[in-house]
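K.L.:
Mind having a look at this structure? Questions to follow.
The values are calculated or read from the model by the stated rules, or taken from the named source; none is laboratory data. What you are looking at is a predicted structure, and each value in this text was computed from that prediction instead of being measured. Here Cβ is always computed from backbone atoms with ideal geometry, including for glycine, and neighbour counts include all displayed protein chains. For accessibility, only protein heavy atoms count, side chains too; no ligands or nucleic acids. Shrake-Rupley method; radii C 1.70, N 1.55, O 1.52, S 1.80 Å.
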Amino acid sequence: MIIKFEKIENYPNLKVVDSTWRGDNTDLLVHAELSRAIEKLWGEEINHGDIISFEISATPINGLSEMFTIEGKPKMQLGGAMYTNKTVGLQFICEILLAYVGYAYPEHFYLRRL
């Protein structure tokens, strides 16, 4: 699936542009810390109004994707889980991003910049 984020003026947060397969609202903001990690994965400066796109999958994407691996058990009360990645290190991934992969917390998921 494709996941798109928009940079919001005067805020450190990214906004999810499209709804997930489960129909979540498109006005969802990504936590500031996770927004910084996503911007780091993007690798270039992102300006107000820019829309960035990633392909997100439960399986590797043509060998060009970054793998995230779950660490420990999901934090159900917080709505997410801790994942580790070689670029961003240990990172809390909110379930809104994981909803693009599927209904459960996968052991691995993969992101590829588009």
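K.L.:
For the chain, what % of the accessible area comes from carbon and sulfur atoms, probe 1.4 Å?
P.N.:
Using a 1.4 Å probe with all protein chains present, the chain comes out at 51 percent carbon and sulfur.
K.L.:
Might you report the magnitude of the Cβ-based charge dipole of the chain about its Cα centre, with Lys and Arg at +1 and Asp and Glu at -1, to the nearest 20 debye?
P.N.:
With only Lys, Arg, Asp and Glu charged at Cβ, the dipole is about 280 debye.
K.L.:
With a point put 7 Å past each Cα toward its Cβ, work out how far ALA32 is from MET1 in nm, to one decimal.
P.N.:
Placing both labels 7 Å beyond Cα along the Cβ direction yields 2.8 nm.
K.L.:
Using just the helices of the chain, give the 222 nm mean residue ellipticity in deg cm²/dmol: DSSP H runs with n ≥ 4 each add -39,500 (n - 2.57), and the total is spread over all residues, rounded to 500.
P.N.:
Result for the chain, helices only: -3500 deg cm²/dmol.
K.L.:
What does the charge count near LYS7 come to, summing +1 for each Lys or Arg and -1 for each Asp or Glu among other residues with Cβ under 14 Å from its Cβ?
P.N.:
Its environment carries a net charge of -2.
K.L.:
Something else about it: Going from the alpha-carbon gyration tensor of the chain, what semi-axes, largest first and in whole Å, does one get by taking the root of 5 times each eigenvalue?
P.N.:
Semi-axes from the Cα gyration tensor: 20, 16, 14 Å.
K.L.:
If you don't mind, another one. Each label point is 7 Å from the Cα along the Cα-to-Cβ direction; what then is the distance between the points at ILE8 and LYS75, in nm?
P.N.:
2.0
K.L.:
So what's the net charge close to GLU55: Lys and Arg +1, Asp and Glu -1, counting the other residues with Cβ under 14 Å from its Cβ?
P.N.:
Local charge sum for GLU55: +1.
K.L.:
Where in region 1-109 are there trypsin sites (Lys or Arg not before Pro) that are in a DSSP coil and have at most 14 other Cβ atoms within 10 angstrom of their Cβ?
P.N.:
Counting only loop positions with at most 14 other Cβ atoms within 10 Å, the trypsin sites (Lys or Arg not before Pro) in region 1-109 are ARG22, LYS86.
K.L.:
Do any GluC sites (Glu not before Pro) in region 35-114 lie in a loop, going by DSSP, with at most 14 other beta-carbon atoms within 10 Å of their beta carbon, and if so which?
P.N.:
GLU44, GLU45, GLU71, GLU107
K.L.:
Still on this model: Would you mind working out the accessible area per residue for the chain, using a 1.4 Å probe, and quoting it in Å²?
P.N.:
56
K.L.:
Additional query: Pop the C-beta distance of GLU45 and GLU107 into the FRET formula with R0 = 30 Å and round what comes out to the nearest 0.05.
P.N.:
Once rounded, the FRET efficiency stands at 0.35.
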